[in-house]
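Quick note: the coordinates plus some simple rules give every number you see, no bench work behind them. Just so it is clear, the model here is predicted, and its values are computed rather than measured. Virtual Cβ from ideal backbone geometry, glycine too; neighbours counted across all protein chains shown.
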Amino acid sequence: MTSPEIYDAIILGAGGAGLMCAGVAGQRGRRVLVIDHADEPGKKIVISGGGRCNFTNVGTAPDRYISANPHFAKSALGRYEARDFVALVEKHGIAWHEKTLGQLFCDGSARQIVTMLLDECDAGGGVTIRLGHTIHDVRHADGAFTVDHGARTATAPALVIATGGPSIPKLGATGFAYDLARRFGLKVVEPRPALVPLTLPGAESLFRALSGVSAPVVARCGKAAFAEAALFTHRGLSGPAILQVSSYWRRGDDVAIDFLPDRRPGWLVAAKRTRPRAALRTTLGAALPDRLAGALADRLGIEGEIGARSDAALTEIERKIADWRFLPDGSEGFAKAEVTVGGIDTAGLSSQTMAARKMPGLYAIGEAVDVTGWLGGYNFQWAWASGWAAAQAL
């Protein structure tokens, strides 16, 4: 190894949070080294939003994040808001548009966001980024952190953990952040896949046979409820509504789905009054995708004319369709999870600076921390905000 190179801060991870932190710190006059084992920066950014990067959400608020401490994210999110990142995007001439539910996307490519972050790193003149460098060792002594990476060694009084969580391992994601955090005395809240498709057991093969069928629903798990689309897959359930509730789901929980959230109670009874000779399956088929209507009818044992059913029987059918219970047997795991719930315990971090309370100079930001946002740009906004907050303290 060569003699150590000296920096003001070393950031481990060249994802959204790490690059944001490096750019801001560099423009504050800090000499910063960013190290990543990946061969290119911002891999998750590049694939996000169908290649257009859902880079933030105008509805960002602390109550749209999951954490053992629901108040932890308030400070960073309040000091660096969605509009601040939008201003940065516009400063770089990146065209964007708003989709449903406050989601903001690039008009062009997600790579524009990566380029913007790299340009911000270049703007201060003090940021060095090393890609394709395996981290061999990280140690702390005499008030400084030393990182052996590739064939080099670097040292700095500040170290930022920005290596994310284990979601999407094909992009190189690992649990490295947690191992490092534990080494320096930080606790880790059990990590689990989030924003992930759920799987159904063999007893639900009728619904797995609906693979490709999508419908607008309200999906619930515990107190969490989301009105978006659900999608049946060959393994179970997916689509935005399911991805959202998956962050709250734990093994043994059921997921309730209202397949007809826009229908008022009594709609089947009203249909009976209007067309009593119509087949009940046909009436359901007019309100739902045909294959889904058929599957629900089969499960409920529905046959014959709607007029042959009592009002009470029709009301019970409505109730079941509005509160259909699935008991998933698992999820598709970190391989398909967009993010991770859990991570470095916020109890050991400052919400203002993201610094470790008992290890001076150590910081943790982004997905590595136990803060997980809803689907729709919230996790990127946490990356920007937490990275910005840490950079103010470096």
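Within the stretch 6-66, report the trypsin sites (Lys or Arg not before Pro) that DSSP leaves as loop and that have at most 15 other Cβ atoms within 10 Å. Walk me through the numbers before you get to the answer.
Values: sites: R28, R30, R31, K43, K44, R52, R64; in loops: R28, R30, R31, R52.
When the trypsin sites (Lys or Arg not before Pro) of the stretch 6-66 are filtered for loop state and at most 15 Cβ neighbours within 10 Å, R28 remain.
Using the Cα centre as the reference, give the magnitude of the dipole from point charges on the C-beta atoms of the chain (Lys, Arg: +1; Asp, Glu: -1; all else neutral), rounded to the nearest 20 debye. Each step should come with its number before you reach the end.
On the way: 43 positive and 39 negative charges, 148 e Å.
Charge dipole, the chain, about its Cα centre: 700 debye, nearest 20.
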Checklist entry - What is the packing order of peptides 250-257, 123-130, taking the mean over residues of other C-beta atoms within 10 Å and listing the highest first? => result 123-130, 250-257
Checklist entry - Where in the stretch 185-246 are there trypsin sites (Lys or Arg not before Pro) that are in a DSSP coil and have at most 14 other Cβ atoms within 10 angstrom of their Cβ? => result K187, K223
Checklist entry - Given (i) 22.7; (ii) 29.2; (iii) 24.5, which label gives Kirkwood radius over Cα pairs in Å as computed from the coordinates? => result (i)
Checklist entry - Taking K170 as the anchor, which aspartates and glutamates have their alpha carbon closer than 16 Å to its alpha carbon, excluding any fewer than eight residues away along the same chain? => result D36, D39, E40, E332, E338
Checklist entry - Which pairs, out of K223/K358; K44/K99; K272/K320, put more than 27 Å between their alpha-carbon atoms? => result K223/K358
